[in-house]
Amino acid sequence: MIVPLFSSKNPRLGVDISSTAVKVLLLEKHRNGYRPVGFAIEPISPGAVQDKTITDTDVVAGALSRALSRSRAKTKHIVMAVPTSASVSRVLNISNPGNEFELEEQVRMESDQYIPFPIDEVSLDFEPLHPEAGSKQKKKQSNEDSSIQVIMAATRTTNVEARVAVAEAAGLSVDVMDVESFAIQNAFTEIIAPTLTAEDRAQPVALLDVGANTTTINVFSGDDIIYSKEHPFGGKQLTNEISMYYGLSPEEAEEKKRNDTLPDDYHRKVLQPFIDNMAMQVERFIQYFYSETNRGTIGLILLGGGTANTPGVIERINNETGIQTRSANPFVAIGQGSRISAELLANHGSSMLVACGLALRSFDQ
Ligand SMILES: Nc1ncnc2c1ncn2[C@@H]1O[C@H](COP(=O)(O)OP(=O)(O)OP(=O)(O)O)[C@@H](O)[C@H]1O
Ligand SMILES: [Mg+2]
């Protein structure tokens with residue numbers, strides 16, 4: 001089955017179903033860039049999404065409906081994503097693309113070797129990487145070298161169906177099913193990169209999304225993504241430690257952590273050890289990048305995900321790694337002039353990287 005993992009047009013709500021919440025975002029394009037016009041984060045009960053798998057469609061659909069009405073977005077069209085770890089993507093060289101059907105057939109054949117599950121259980125889509133070059137080549141098809149590069153993405157059809165079921169239960173229709181790593185790449189290229197100086201971008205830039213359960217590290221050289229990896233680390237660890245140390249329920253621990261209303265010894269006894277550990281983890285993730293690639297030295301770390309809001313963590317990572325570290329909040333660049341409260345955007349922006357990349361799919365050509 002071919003599902004539209006790529007194509008899209010018109011206003012669409014970006015919907016990130018994470019392990020803790022449904023996050024929705026609608027962007028509007030204006031002269032100088034983009035502006036958030038619809039925004040909501042709706043928590044989902046623990047267990048409804050486990051290890052990136054939706055285990056309770058109704059609970060997640062309920063959260064999506066509430067998020068939609070709170071966002072005040074009017075569209076019924078949404079963009080969702082399958083988790084990076086549940087998908088395979090590859091750049092393929094197709095030597096004789098031929099017509100549309102022949103190209104599709106070739107992509108399927110080439111892809112087969114990279115896809116670790118039965119092909120009849122797979123949803124696959126692809127897109128030429130340099131469309132203009134492709135069309136020029138098509139015009140001179142009689143020439144010998146008519147090869148094109150396409151980017152292919154595939155996932156188990158059940159991953160797509162589980163998300164579509166949530167959307168349909170909430171009365172919405174999925175226009176595009178993206179991949180989370182593509183979404184983060186899009187958010188970086190379109191929104192974050194333009195805020196960086198030439199000096200910032202002279203060396204590879206690491207963008208980290210430290211969520212509740214998972215940390216994603218993406219490294220960019222220019223606009224190209226040169227490394228992408230997920231690690232099982234996140235802010236839930238701190239919530240668990242708070243909950244154990246003070247004998248609180250996970251919900252209470254989470255709430256007090258976010259509002260900074262824990263007893264005086266919290267900073268020294270619980271927070272500091274977590275921050276030390278997080279800085280060590282980030283250092284480790286960066287060492288993996290160095291050992292797995294040979295693409296230069298990281299000159300800047302951008303820290304996103306809700307856990308980037310942990311007080312003191314940015315400075316601590318800076319000290320541990322010796323690499324300049326800043327917060328990655330896409331709304332710092334685009335929040336001005338929005339009718340959504342500046343405080344909301346400042347506090348929650350860093351956890352909206354995936355949603356932001358998905359919302360950007362409204363403006364595909
Ligand atoms: N002000 C804050 N101080 C400390 N931690 C915070 C703060 N705000 C949010 N967090 C933490 O950020 C995490 C949630 O971040 P985020 O929304 O990016 O995760 P997620 O996308 O739901 O998780 P995942 O990507 O792992 O599925 C939680 O662990 C939460 O406790
Ligand atoms: Mg996340």
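For segment 223-255, residues that are among the basic types (Lys, Arg) and either touching a strand residue (DSSP E or B) at 6+ places or on another chain (Cβ under 6 Å) or open to solvent by less than 60 Å² (accessible area, probe 1.4 Å) (or both) total 1.
Just for segment 278-317: of the residues that are open to solvent by 40 Å² or more (accessible area, probe 1.4 Å) and among the polar types (S, T, N, Q), which one is nearest to Val210 (Cα to Cα)? Among them, the one singled out is Asn309. Being within 16 Å of ligand 2 (Cβ to nearest atom), among the charged types (D, E, K, R) and closer than 28 Å to Asp223 by Cα is the filter here; which residues of segment 156-189 pass it? Across segment 156-189, the qualifying residues are Asp178, Glu180.
Residue-wise test of (1) within 16 Å of ligand 1 (Cβ to nearest atom); (2) open to solvent by 20 Å² or more (accessible area, probe 1.4 Å); (3) modelled with pLDDT under 95.
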position: Ile2; (1), (2), (3): no, yes, yes
position: Gln50; (1), (2), (3): yes, yes, yes
position: Asp56; (1), (2), (3): yes, yes, no
position: Leu64; (1), (2), (3): yes, no, no
position: Leu92; (1), (2), (3): no, no, yes
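The values are calculated or read from the model by the stated rules, or taken from the named source; none is laboratory data. No experiment lies behind these values; they were computed from the predicted model shown. For neighbour counting, all protein chains shown are included, and Cβ atoms are generated from backbone atoms with ideal geometry for every residue, glycine included. The area values use the complete protein model at the heavy-atom level, side chains included, leaving out ligands, DNA and RNA. Shrake-Rupley method; radii C 1.70, N 1.55, O 1.52, S 1.80 Å.
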